[in-house]
Structures are given as structure tokens and as C-alpha cells.
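Beneath this line is the structure, given in C-alpha cells, with notes to follow.
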Amino acid sequence: MRKMQSKIGKILDSIINDHKVQRSKEFTMGNDKKEEDDFVDMLLNHQESNKLEFNLTTNQMKDVILDIIGGGSETSATTLEWVMSELLRNPGVMERAQAEETRQLRTPSPLIARESRDRCQISGYELPIKSKVIINEWALGRDPESWRVDAESFEPERFLGSSIDFKGFDFEYIPFGSGSRMCPGISLVLR
């Protein structure tokens, strides 16, 4: 594992250094900014601006990049495994909405941890600032009040023509989370 960590570290160092060299070339040529920054550029911008409460080190940048890659690939692979499993169990269901149904029924991250930024009230309970909250996404996907059709069964047709959206506004279906802590890799997952 240490050998793999070292190899991955060298690859990420190379990627970060390539970005630094490219940024340096653009700066000397009088270009302040590329047309579009990628994720590594965004991290380098934060590192250079030093506006964070801490100094962002190259090792921390590598950790963040690995988290994004790991989080995106693991959850996508898990979802695809469940899609294939459900299709094998239900061969007559080849609807386009099968990915949505799989994310609703077989969420790859069943518990979402959050912390309240402000004092608020939810369902009659008062949450003080900095309260730790765990959202049970698995239970939301099986709530019979939200999913009028049998919530435990694999029925992709429930999403056909439905206005329910996965972008964090319909709280009965939040496979990518919601708000400012929404999954940063959502665009990668959808591709």
C-alpha cells in the first residue's frame, strides 16, 4: 500500500506541477487566466490567494483530489452494480429511469453527516448552532408517504414523467446531497 501511495503521490505531484508550469507560462505571456479553470487550478487559486483559514499545502491538495476521484468512482461503481443487479432481477424493466430508481432505492451513501450553521427548527425540534445532524438518505428513499407506489420495490417507471429532481430541491430524493455541501462530482457521475 505504501508503494501504491508513493506512486499515486508522484502522479498527483506531476499533475499539480504541470498546472503550476502552465500557470507560470500564462502569467509571463500576460494571460492572467485560462479560459476555464479545472479542479486543480481551483485548488491552486485557493493556495495562492491564502484566503482560507489555513494554508493549503500540496499534500492536502493531493488528498482532496484523491477524495474526489475515490468518492466519484466508488459511488458510481456501486450504483452501476445495483442497476445491473436490479435489471437481472427484473429483466422486463428496461426504462430510461432505471438510474434514478437505483439511486433512490440503493443509495451508495446511505447516511449524510451535516452540521447546522445557524440555529433552526426542524419538525418542532430546535437545533442549536453547530448541531451535528445525520440524514438517513436510505430511509428517505423508502418513505411510503413520499413514494406512493411501493417504496421497497424496483419500479423505474415512477420517475417517468415525474417532476422529482435529483439536484437537491426534492428532499425525498437527494442522492447527491443538497445545498452547498452537494456532491462536487455530480457532473462526472451524470456522464
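Some observations on this one:
- Label sites at Asp118 and Val21, each approximated as a point 7 angstrom past Cα along Cα to Cβ, lie 4.8 nm apart.
- Taking the helices alone, the chain has a mean residue ellipticity at 222 nm of -15000 deg cm²/dmol, built from -39,500 (n - 2.57) per DSSP H run of at least 4 residues and averaged over all its residues.
- Options Pro108, Met1, Phe166, ranked by Cα towards positive dipole end of the chain, top entry (Cβ charges): Met1
- Restraint check, Lys10/Lys167; Lys51/Lys132; Lys130/Lys167, Cα-Cα greater than 28 Å: Lys10/Lys167
- Tensor-based shape of the range 97-190 (alpha-carbon gyration tensor, a/c under 1.5 rounded, otherwise prolate or oblate): prolate
- Proximal charge balance of Phe176 [Cβ under 9 Å; K/R count +1, D/E count -1]: +2
- Inter-label distance, nm, simple model (7 Å from Cα along the C-beta direction), Ile8/Ile69: 0.7
- Sorting Phe159, Phe27, Phe54 by the number of Cβ atoms found within 10 Å of their own Cβ, with the fewest placed first, yields Phe54, Phe27, Phe159.
- Each label point was placed 7 Å from the Cα along the Cα-to-Cβ direction; for Thr78 and Asn55 their separation is 3.6 nm.
- Placing +1 on each Lys and Arg Cβ and -1 on each Asp and Glu Cβ, with no other charges, gives the chain a dipole about its Cα centre of roughly 780 debye.
All of the numbers you see were taken from the coordinates with simple rules; none came from a lab. Computed from a predicted model, the values in this text were never measured in an experiment. Positions of Cβ are generated from backbone atoms using ideal geometry, with glycine treated the same way; all protein chains shown enter the neighbour counts.
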